[in-house]
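The block underneath contains the structure these notes are about, expressed in structure tokens.
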Amino acid sequence: YEGLADKFELIKPGGAFYAFVKAPAGGSATEFVEKAIANNVLIIPGNVFSEKDTHFRISYATSDDKIQQGIEILRSLA
């Protein structure tokens, strides 16, 4: 959460191993997810779970090193 909150709009997770993050302005969540995947970060577009294409889902059920790498890439794409 702390690594993303200054660049993305999201609610701090309260116990789950995932978070829904609002995609940056200027594009859809699907477009942002495609950029992330092209940079080896696997995230899921929110329209898989909802009709809206405004958010993406990230899971942090992995090592701290991988989480930090993913955060750095997502921040660079924002």
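Within the range 4-26, if we keep just the residues that are surrounded by fewer than 13 Cβ atoms within 10 Å (Cβ to Cβ) and not hydrophobic (A, V, I, L, M, F, W, C), the residue that is farthest from residue 68 (Cα to Cα) turns out to be 26. Taking each residue of the range 22-37 that is touching a residue at least 24 places away in the same chain (Cβ under 8 Å) and looking for partners that are of a type outside the set (S, T, N, Q) and part of a loop (DSSP other than H, G, I, E, B) with beta-carbon atoms closer than 7 Å, six or more apart or interchain, yields 22/8; 24/78; 28/53; 29/23; 29/53; 32/23; 32/24; 36/43.
The rows are residues; the columns are (1) farther than 17 Å from residue 7 by Cα; (2) modelled with pLDDT of 95 or more.
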site: 33; (1), (2): no, yes
site: 39; (1), (2): yes, yes
site: 46; (1), (2): yes, no
site: 50; (1), (2): yes, no
site: 56; (1), (2): no, yes
site: 59; (1), (2): yes, no
site: 64; (1), (2): yes, no
site: 73; (1), (2): no, yes
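When the residues of the range 27-51 are filtered to those that are exposed (fewer than 14 other Cβ atoms within 10 Å of the Cβ) and of a type in the set (Val, Ile, Thr), the one that is nearest to residue 62 (Cα to Cα) is 37. Cβ-Cβ contacts under 9 Å between residues 6 or more apart (or on different chains), taken from a first residue in the range 1-15 that is β-branched (Val, Ile, Thr) to a second residue that is part of a loop (DSSP other than H, G, I, E, B), are listed as 11/1.
The values are calculated or read from the model by the stated rules, or taken from the named source; none is laboratory data. All values reported here derive from a predicted model rather than from experimental measurement. We place every Cβ from the backbone using ideal geometry, glycine too, and count neighbours over all the protein chains shown.
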